[in-house]
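J.: The structure's right below; bear with me while I get my questions together.
The values are calculated or read from the model by the stated rules, or taken from the named source; none is laboratory data. What you are looking at is a predicted structure, and each value in this text was computed from that prediction instead of being measured. Cβ sites come from the backbone with ideal geometry, for glycine too, and all protein chains shown count toward neighbours.
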Amino acid sequence: MDVAVTVFNERGYDGTGMEELSKRLGLSKSSIYHHVSGKEEILGIAIGRALDALFAVLDEVPDPVTTETARLEHVMRRSVEVLATELPYVTLLLRVRGNSEVEQQALERRREFDRQVADLVARAAAEGGVRDDIDPHLISRLLFGTVNSLIEWYRPEGGIPVSALASSLTEVLFEGLHGRQPSSPEG
């Protein structure tokens, strides 16, 4: 799976054939077909791994008396950790465009994840933990847009520990960048 995901990320899923996978794996195509029906099944397993890890985060309850805001912060922190741990798989997930049935199913699961996070944002807003003057779906997209952008630059071997990255990202998203006053719309 790791090799297939690497090739899909390098060449694009549509640009990768079973011949290329067979060469990179050092196996015959028939050996691969003995285990899977084709590259679409490989894609489904790979993006399922990333989605399953993200959905598992939503099911974690840090403490039974946790506020919705603390739970949202926990989901953000853990999502960064999942992204870092499953970086190639999450990268592949974020690059699917719906060109196949497996990709369409993945996009539907991503939308369900987004809906659940938006519901969590709405509950956090209702308790006063996050702004309630911005649509929860927009907040969810902004939060996860930030998390998802990590696939473009984060490298585990880059020296930033995952825990520090997750904490820093959560702090900035929930506490903001202090030290200067916001500029007024007039200038």
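J.: Residue under question is Arg97, and the condition is that it be basic (Lys, Arg) and either in contact (Cβ under 8 Å) with a residue 60 or more places away in the chain or surrounded by 13 or more Cβ atoms within 10 Å (Cβ to Cβ) (or both); does it hold? Lay out the reasoning, then the answer.
T.: Details: basic (Lys, Arg): yes; either in contact (Cβ under 8 Å) with a residue 60 or more places away in the chain or surrounded by 13 or more Cβ atoms within 10 Å (Cβ to Cβ) (or both): no.
No.
J.: Also: Which of the following residues is in contact (Cβ under 8 Å) with a residue 40 or more places away in the chain and not charged (D, E, K, R): Ile151, Ile134, Ile160?
T.: On the way: Ile134 fails: in contact (Cβ under 8 Å) with a residue 40 or more places away in the chain; Ile160 fails: in contact (Cβ under 8 Å) with a residue 40 or more places away in the chain.
Being in contact (Cβ under 8 Å) with a residue 40 or more places away in the chain and not charged (D, E, K, R) holds for just one of Ile151, Ile134, Ile160, which is Ile151.
J.: When you go through (1) under 28 Å from Val162 (Cα atoms); (2) charged (D, E, K, R); (3) surrounded by 14 or more Cβ atoms within 10 Å (Cβ to Cβ) one by one for Glu103, which number turns out not to apply?
T.: Only one criterion in (1) under 28 Å from Val162 (Cα atoms); (2) charged (D, E, K, R); (3) surrounded by 14 or more Cβ atoms within 10 Å (Cβ to Cβ) is unmet by Glu103, namely (1).
J.: I would also like to ask the following. Can you confirm whether region 88-95 contains a residue that is under 19 Å from Glu73 (Cβ atoms) and under 19 Å from the mean Cα position of the chain (by Cα)? Talk me through it step by step, then tell me what you get.
T.: Filtering region 88-95 for residues under 19 Å from Glu73 (Cβ atoms) gives none.
No, there is no match, as no residue in region 88-95 is under 19 Å from Glu73 (Cβ atoms) and under 19 Å from the mean Cα position of the chain (by Cα).
Residue-by-condition table, conditions (1) out of contact with any His (no Cβ under 8 Å at 6 or more places or on another chain); (2) surrounded by 13 or more Cβ atoms within 10 Å (Cβ to Cβ):
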| site | (1), (2) |
| --- | --- |
| Thr67 | yes, yes |
| Leu72 | yes, yes |
| Arg77 | yes, yes |
| Leu83 | yes, yes |
| Glu86 | yes, yes |
| Thr91 | yes, yes |
| Ala118 | no, yes |
| Ala124 | yes, yes |
| Arg131 | yes, no |
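J.: Looking at (1) within 22 Å of Ser37 (Cβ to Cβ); (2) at pLDDT 95 or above, which is the one condition that is false for Phe113?
T.: Checking Phe113 against (1) within 22 Å of Ser37 (Cβ to Cβ); (2) at pLDDT 95 or above, the one that fails is (1).
J.: Select from region 23-59 the residues that are more than 29 Å from Gly98 (Cβ to Cβ) and outside any helix (DSSP H, G or I) and list them in ascending order.
T.: Gly26, Leu27, Ser28
J.: Given the residues Arg77, Arg109, Arg71, which is the only one that is part of a helix (DSSP H, G or I), of a type in the set (Lys, Arg) and within 14 Å of Phe55 (Cβ to Cβ)?
T.: Numbers: Arg77 fails: within 14 Å of Phe55 (Cβ to Cβ); Arg71 fails: within 14 Å of Phe55 (Cβ to Cβ).
After applying the criteria, what remains is Arg109.
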